[in-house]
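Below you will find the structure I want to go over with you.
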Amino acid sequence: MNPQGRGLALFLRTFTAIVLVFLMAPIVVVFPLSFSSGELLTLPTPGYSLRWYDDFFSSSKWLLATRNSFVVGIATAILATTLGTLAALGIFLGRFRGKAFIVALMSTPMVVPVVVTAIAMYFAFSFVGLNNTLTGLVVAHTVLSVPYVLITVLATLQTFDRNLLKAAATLGAPPHVAFRRVLLPLIAPGVATGALFAFATSFDELVVAIFVAGPQQFTLPRQMYAGLREFLSPTIASAAVLLIVCSLALLAANEYFRARGKARTAAADPAEPN
Amino acid sequence: MAISRNNLLAAGLIAPLFVVVVASFIVPLLVTLYTAIGNPEVRQTLPLTTGALRDWNGEGLPPEAAFAAVIAELAQAQEGQAIGQLSRRLNFEQTGLRTLLLKTARAKETLAAPYRESLVALDTRWGDTELWQLLKRNTGTLTPLFLLRSLDLTLTPAGSVAQAPKEDAVFLPLFARTFVISFWVTVLCVVIGYPVAYTLSTLSQRAANIGMALVLVPFWTSILVRTTAWFILLQREGPVNALLRGLSIVDEPVTMIFTRFAVYVAMVHVLLPFVVLPLYSVMKGLDPVYLRAAASLGAPPWQRFLRVYLPMTMPGVAAGGLMVFMLSVGFYITPALVGGPNDQMVSYFIAFFTNQTINWGMAAALACLLLLMTGILVGVARLVVPGFRLGSVSP
C-alpha cells in the first residue's frame, strides 16, 4: 500500500472509531449518572450511591410499570409467537398463489408509521372498550411484533428440507409426530428468535402505550416518558440503565439462538450451506 | 376444483393471525380513514334540523321549521354531552360558532314563536344565509374539510375550495419541515454510515465483530432510552456542556436541548445502524475480484471506487437510505423530547390533535396523508431496490 492509501486507511479507521464512540457514549454515560449520589444529572458526579435504584424499587409507580412491562411483554411474546409461527407454517405448507401478498399484508404494521397505528388503534379501541386495559396493549403489541416472528420463522423454514417430512412419513410417523419430532426441533431457534423480537418490541414500545394505556397500564417506557416531561430525576437514569441491561440480555440471547440455529441447519443439511 | 387437504390445513394455520391483523390493524386503519372524512355530528345531534334543511335551496333563509328545530335540538343537546362535540366540530369550521351554539342552547326559554325573528334578535348571525349554508353542508355524511385543511385549503360557506386563512395554513410548512428534517437525517446517516460500514468490512473478523457489536448494542437499546440519554447529555448544565467548558471550547453553556441541532444528533444516533447494517452485509458479500480486475486494467483508486465499488454497493445505500427516510418521516418521540416547538414533525401534530384538542378528524386526516406518503415511499423503495422489505434490515 502506498503512503497515500495508508493515510486514507488511518483516516477511515479514526473516523469509524469516533462514530462508534458517538454511538456508544450516550448509553455508557447513563451508567455513572444513575449511580450518582447527587440530585442533578451532572458529570462528574459528586459521589456514588445506590439511592436512585433504591428510589426506583421503592416507588409503587415504577414497580407497577415494571410489572406491566413484563406481563404485557410475555403475553405479547406468547401470542405473537404462536400466531406468527402457525401462519408461517401455513404459508410454508400450502400450495397456493398470493403467498407474497399474505406476508406483505401481515407485515404492514412494520411499514406504517407507529403514530398512525397508535391513533388508529386508539380510535377503534374506543368503540370496544379496549383503551386503558392491559388486554388492549397486548393486542396492539402483538400486531406490531408479529411481522418479526413471521419473517424470522419463514426464513428458518427456507432452510428446512421438505424431504425430511417425507422421510418421516415413509418411516411411519403420522403428520403430528413428524411435526413435533422433526420440523419443530429444526425450526425452534427461529421460533425462539421470533419470540425474543416480539418481547423486545413490546418491552421497548412507547407510542402505542401513550395512546392506549392509562396510568394503571403504564409500562416502563411510558412511565419514563411521563417522568421526563414532569421532572428530570436521576431515577430516570436508573430506569434507563435497567432497560439497557434488559436489551443487552435480549441481544445476547438472540446471538445465542442465532449461533445455535446456524449449527443446527449446518448439522441437518451439511451438503447445502445456504 | 376441490381445495386440497394440504391447502385447507394451510388456511387453518394462517387464519388466526389473519383475523387478528384484520380486526386489530386493518379495521382500525379503516376507522381512521372514516374519521378523516366522516361528518356525523350535525346529523346525529340535529336530525330534525337536518330534515328541515333538506328542501331548502340555499337562498335567503330556511323555513320557520328549521329555526324551531334548531332551538329545540340545541337545548336538548345541552342536556347530554352532544353539544360539546357539535360546537367543537362547527367551531373548527368557523371560529365563533361555538359561543353562538352554546348561547342559543342556553336561551331556549327566552325564545318564542315566531322563532326566526326571535333567533335573529338573539344573535344577528342566525339571519346570515352563509351560516345556514354552512349548517346545510354539514348535514352530509362525509366532509372533505379535514383533508383540505391538512393541505392548507378550506371550504367557503358556499362550499367551494379556497386557500385557508394565513393563521390556519400551517400544515404544508409542517410537511415540508418533516421532509427537510428527514432528508438531512438520511444524508447524514448515509454519509457517516458508508465509510464506517466500509472500514468495518475491511477489518479482521475479530475486530469487525467488536465493531459490529458496538453498532448492534445501540440498535437493540430502545429509542426512548437513547433519546433520554441525549436529553440528559444535552441539558444546559449537562455533561456535554461540562465537557465543552472543561476543554475551554466555550465559556458559557451552549443551548443545545430543544433545538434542531439536538433533533439531528438524536435522530442520526437512533437511525445510523439502519444504514450501517445493510451496507456492511453488502460490502462483506462483495467479491474483491472486480476491484482487482479494475486495478489490473489500470484504474486508479478513485476510479475503482467511483466506477466499481460505489455502483456495486448502491443497493445497500438505497435500502438503508430509504429505510432511514421512511422511519424519519414518522418520527415522534425523539423530536417531541429533544426538539423545540419549531422542530416538531407531522406525527407530533397527529398526537396533538388526538390528545390535546380532541380534534379526531384533523388527527385522522394528517394520519391518512402520512400513511399515503409512506405508501409512496414503499412503492419507490420497491422500484429502486429489488426485493426491498422492511424486515431485511432487522439484525
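Values in this text are rule-based calculations from the coordinates and carry no lab data. Quick caveat, the model's predicted, so the values are computed rather than measured. Note that we place each Cβ from the backbone using ideal geometry, even for glycine, and neighbour counts take in every protein chain shown.
What trypsin sites (Lys or Arg not before Pro) in segment B:161-231 are in a loop by DSSP, with at most 13 other Cβ atoms within 10 Å of the Cβ?
Details: sites: B:Lys166, B:Arg177, B:Arg206, B:Arg226; in loops: none.
Those that pass, being in a loop and sparsely packed, number zero.
Further, regarding this structure: From the backbone phi of segment A:63-75, what are the Karplus-calculated ³J(HN,Hα) couplings (6.51 cos²θ - 1.76 cosθ + 1.60, θ = phi - 60°) in whole Hz, Gly and Pro given as x?
5, 4, 4, 4, 4, 4, 4, 6, 4, 5, x, 5, 4
Measure out, as a whole number of angstrom, how far apart the alpha-carbon centroids of segment A:1-69 and segment A:158-224 sit.
Segment A:1-69 and segment A:158-224 have Cα centres separated by 32 Å.
Same structure again: Taking Cα atoms of segment B:250-315, Rg/Rh with Kirkwood Rh, to two decimals?
1.28
Scanning chain B for GluC sites (Glu not before Pro) in DSSP loops with at most 16 other Cβ atoms within 10 Å, what's the longest stretch left with none?
Between exposed loop sites, the widest span is B:60-236.
Work out from phi, with θ = phi - 60° and the Karplus expression 6.51 cos²θ - 1.76 cosθ + 1.60, the ³J(HN,Hα) of each residue of segment B:24-40, listed in order in whole Hz, and give x for Gly and Pro.
10, 9, 5, 4, x, 5, 5, 4, 5, 4, 5, 4, 6, 10, x, 9, x
Under unit Cβ charges (Lys, Arg +1; Asp, Glu -1), what dipole magnitude, rounded to 20 debye, does chain A have relative to its Cα centre?
860
Relative contact order for chain A: what percent, with Cα pairs under 8 Å and sequence separation of 6 or more?
29
Relative contact order for chain B: what percent, with Cα pairs under 8 Å and sequence separation of 6 or more?
This gives 18 percent for chain B.
Within chain A, what's the longest stretch lacking trypsin sites (Lys or Arg not before Pro) that sit in DSSP loops with no more than 16 other Cβ atoms inside 10 Å?
Longest site-free region, per DSSP loop and neighbour criteria: A:163-274.
Applying a 10 Å radius around every beta-carbon, put B:239-248, A:169-178 in order of their mean neighbour count, most first. Write down the numbers at each step before the final one.
Working: B:239-248: 14.9, A:169-178: 11.9.
By packing density, highest mean first, the sequence is B:239-248, A:169-178.
Could you please rank B:Met323, B:Met256, B:Met314, placing first whichever residue has the fewest other Cβ atoms within 10 Å of its Cβ? Walk me through the intermediate numbers first.
Details: B:Met323 24, B:Met256 19, B:Met314 14.
Placing the least packed residue first, the sequence is B:Met314, B:Met256, B:Met323.
Tell me, what ³J(HN,Hα) does each residue in segment B:332-343 have, in order and in whole Hz, if you take phi through Karplus 6.51 cos²θ - 1.76 cosθ + 1.60 with θ = phi - 60° and put x for Gly and Pro?
Along segment B:332-343, the couplings run 10, 4, 5, x, 4, 8, 9, x, x, x, 8, 10 Hz.
Using only alpha carbon pairs under 8 Å that are at least six residues apart, calculate the relative contact order of segment B:221-273 and give it in whole percent. Could you put the intermediate results ahead of the total?
Numbers: 35 pairs, mean separation 19.1, N = 53.
Here the relative contact order equals 36 percent.
Can you list residues from other chains, or at least 5 along the same chain, whose modelled amide H is less than 5 Å from the amide H of B:Gly38?
The answer is B:Thr143.
Oh, and also: Amide H neighbours of A:Glu205 under 5 Å, at least 5 residues apart or on other chains, H built in the peptide plane: list them.
Amide H neighbours of A:Glu205, under 5 Å, 5+ apart: none.
Can you tell which of B:Trp360, B:Val254, B:Gln76 lies farthest toward the positive end of the dipole of chain B, using +1 and -1 charges on the Cβ of basic and acidic side chains (Lys, Arg; Asp, Glu)?
Among B:Trp360, B:Val254, B:Gln76, the one farthest towards the positive end of the dipole of chain B is B:Val254.
Further, regarding this structure: Apply the a/c threshold of 1.5 to the C-alpha gyration tensor of chain A and tell me whether it is rounded, prolate or oblate.
Oblate, since a/c reaches 1.5 and b/c is not below a/b.
Continuing with this model, one more query. Under a point-charge model restricted to the Cβ atoms of Lys and Arg (+1) and Asp and Glu (-1), what is the dipole moment magnitude of chain B relative to its Cα centre, in debye to the nearest 20?
In debye, rounded to 20, chain B gives about 1420.
In terms of modelled amide H atoms, which long-range or inter-chain residues lie less than 5 Å from the amide H of B:Leu153?
Correct list: B:Ala164.
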